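Notes for the one structure printed next.
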Amino acid sequence: ITPGELLCLGSSLAFSGLFYYLYRRKARVVARIKEAPKLQVDDNLPALVSAADGRCLPYVALEGIVLPAQAALTSHYHEGLQGVIQKLLLKEHRLIWNSLARSW
């Protein structure tokens, strides 16, 4: 076995291990999402959210009828198909200046 072959074998094993680790990590996330409790959008939902830790329910599937804030979006391609835009929440993490790398 030549050193080149050993290098190829080692890098192949390293990449395989890395990809398997990433696969297992994503598989755990998918399993948590599949096990998420299904809640109905009704009058009890605000009480459930306020009673939760940090006023946040992680991985919850909400079921119910959604009403648009202004007007529903209509599809240009399928007649009679309507939708709404989900309100997005953007959470920015605090930036710290790294003087060694000269970046935030």
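Solvent exposure of the chain amounts to 100 Å² per residue of accessible area, where only protein heavy atoms count and the probe is 1.4 Å. The portion of the accessible surface of the stretch 3-83 made up by carbon and sulfur, rounded to a whole percent, is 61 (1.4 Å probe; DNA, RNA and ligands excluded). Its DSSP H runs of at least 4 residues, each contributing -39,500 (n - 2.57), put the calculated 222 nm mean residue ellipticity of the chain at -13000 deg cm²/dmol, to the nearest 500.
The trypsin sites (Lys or Arg not before Pro) of the stretch 15-104 meeting both criteria, a DSSP state outside H, G, I, E and B (loop) and at most 16 other C-beta atoms within 10 angstrom of the site's C-beta, are LYS87, LYS91, ARG94, ARG102.
Note on the chain: Cα convex hull, mean projected area over all directions, 15.1 nm².
The values are calculated or read from the model by the stated rules, or taken from the named source; none is laboratory data. Note that the coordinates shown come from a computational prediction; the quantities given were computed from them, not determined experimentally. Methodologically, a virtual Cβ is constructed for each residue, glycine included, from the backbone with ideal geometry; neighbour enumeration extends over all protein chains shown. These area figures cover heavy atoms from the full protein model, side chains too; ligands, DNA and RNA do not enter into them. Shrake-Rupley method; radii C 1.70, N 1.55, O 1.52, S 1.80 Å.
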